[in-house]
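Take a look at the structure set out below.
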Amino acid sequence: PLRPARASRARAAAVAAKKTADGPTLAIVGVTGAVGQEFLTVLKEHDFPYSDIKMLSSARSAGKKQEFEGENYTIEELKEDSFKGVDIALFSAGGSISKKFGPLAVEQGCIVVDNSSAFRMTEGVPLVVPEVNPEAMSHIKLGSGKGAIIANPNCSTIIALMAATPLHRIARVERMVVSTYQAASGAGAAAMEELRSQTLDMLQGRPAQPKIFPAQYAFNLFSHNSGMDVESGYNEEEMKMVKETFKIWGTTKDALRVSATCIRVPIMRAHAESIMLEFERPVSVEEARAALAAFPGVSVIDDRAANRFPMPLDATNQDDVFVGRIRTDLSRADGRALSLFVCGDQIKKGAALNAVQIAELLVTKK
């Protein structure tokens, strides 16, 4: 089988080994959810150092057991005093929970890495992809006793910017047009189960029963299910990509034009994106391919002869974002535009992995 050209798989920063007396105390908020469970998986895979870990969830899950690193932990109900003595809290329990408990955690000296959209556009809150803009969180110090919130970007934004940033660094991007093909996992574990159950039902001759989504999901696709701005015609997911790109790259709509079309597709957990980039100068395919292959966290699959390019299955359960279909865009005659096809695991790099990489940065600069 074709092996992708991999960049260095170096993490955002190298960390030491697992449970250790001088490691930070962790809390996982929303531990029973899809991203909460992935937090635990990534912490294991990355040998993240910790001295203790609290498993936090709603009252409904309190008292259940959660295995981690050979130990059984009792899941605790999330309360206002849950963060006493906690150094880093990884949040993935929805925006309303983050808005209520995030500031309370900060008051108790905890650094919150929040996976919701609650604080992404809040002034003074860093919005971080560690490979792209780690400097945005350089003022936040673990062990200082001072709490803070660091926001995890939207999954589609992370995946897009992992592909676009290495090119933006060699030639400034002036325009980006993105179409996304988004997996069930972006809407949570219940949406993933809906895709499974509808597929089984339809294969056995039973009608689909939509519950999470407004339309049949199996063997279908539809415009992203986030709220729609009737006046502009853009939905919330699309505008997240636009606004978050400006913030992460530290630019404005005067210097960069961004447009997105976001579609939900019947894939389990890896997003795909078609991206067109216009640059300040011509960029060759060879130059672009070299920049992408050298970028940490990116793998290139771009074999025209074999018609082999990234697929969601390539990215599933993988840390890297996969990039291919690298070609000069024919809509410009001056060589200043490229088109790409990108795939990334929504639960990993789109959520849990990015958050753990942020925590790794905190540990290594302590």
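The values are calculated or read from the model by the stated rules, or taken from the named source; none is laboratory data. Keep in mind the model is a prediction, meaning the values are calculated, not measured. We place every Cβ from the backbone using ideal geometry, glycine too, and count neighbours over all the protein chains shown. When the accessible area is computed, the model is the full protein with side chains, heavy atoms only, and any ligands, DNA or RNA have been set aside. Shrake-Rupley method; radii C 1.70, N 1.55, O 1.52, S 1.80 Å.
Hey, got a sec? Which GluC sites (Glu not before Pro) in the stretch 191-254 land in a DSSP loop and have at most 12 other Cβ atoms within 10 Å?
Glu231
Leaving ligands, DNA and RNA out of it, report the carbon-plus-sulfur percent of the accessible area of the chain at a 1.4 Å probe.
Working: 8060 of 15620 Å².
Ligands and nucleic acids excluded, carbon and sulfur reach 52 percent.
Specify the residue with the greatest mean-square fluctuation among Asp345, Asp81, Asp319, computed from a Gaussian network of the chain linking alpha-carbon atoms under 10 Å apart.
Evaluated over the chain, the most mobile residue of the options is Asp81.
Can you tell me how the stretch 132-211 classifies by the Cα gyration tensor, rounded, prolate or oblate, using a/c under 1.5 as the rounded cut?
Working: a/c = 4.99, a/b = 1.73, b/c = 2.89.
Here the stretch 132-211 falls in the oblate category.
What nm distance separates the two modelled labels at Lys253 and Glu107, each placed 7 Å from Cα along Cα→Cβ?
3.6
So I have (i) 64; (ii) 41; (iii) 48, and one of them is percent of Cα pairs over 29 Å apart calculated from this model. Which one is it?
Given (i) 64; (ii) 41; (iii) 48, the calculated one carries the label (ii).
How much accessible area does His46 have with a 1.4 Å probe, in Å² rounded to the nearest 10?
10
So how much slack lies between Glu231 and Arg327, counting 0.36 nm per residue of separation and subtracting their Cα-Cα distance, in nm? Provide the component values of the computation, followed by the final result.
Details: separation 96, 0.36 × 96 = 34.56 nm, distance 3.45 nm.
Taking Glu231 through Arg327 to full extension adds about 31.1 nm, to one decimal.
Probe of 1.4 angstrom, ligands and nucleic acids ignored: what's the accessible area per residue over the chain, in square angstrom?
Values: 15620 Å² over 366 residues.
Averaged over the residues of the chain, the accessible area is 43 Å².
Looking at the square roots a ≥ b ≥ c of the eigenvalues of the Cα gyration tensor of the stretch 321-364, which shape do they give, rounded for a/c under 1.5, prolate if a/b is larger than b/c, or oblate?
Working: a/c = 5.15, a/b = 2.67, b/c = 1.93.
Here the stretch 321-364 falls in the prolate category.
Among DSSP beta bridges lying fully in the chain, give the percent that are antiparallel, nearest 5. Please list the in-between numbers first.
Working: 32 of 64 bridges.
Taking every DSSP beta bridge within the chain, about 50 percent pair in antiparallel fashion.
Any idea what the relative contact order of the chain is, in percent, if you count C-alpha pairs under 8 Å spaced at least 6 apart?
Values: 824 pairs, mean separation 76.2, N = 366.
Averaging sequence separation for qualifying contacts and normalising by length gives 21 percent for the chain.
Could you give the length gained on full extension between Lys99 and Thr41, defined as 0.36 nm per residue of separation minus the Cα-Cα distance, in nm? Each step should come with its number before you reach the end.
Details: separation 58, 0.36 × 58 = 20.88 nm, distance 2.55 nm.
Gain on stretching Lys99 to Thr41: 18.3 nm.
Based on the mean of other beta carbon atoms within 10 Å per residue, what is the order of 305-313, 28-36, most packed first? Don't skip to the end; give the middle numbers.
Values: 305-313: 14.3, 28-36: 25.1.
Answer by packing, highest mean first, reads 28-36, 305-313.
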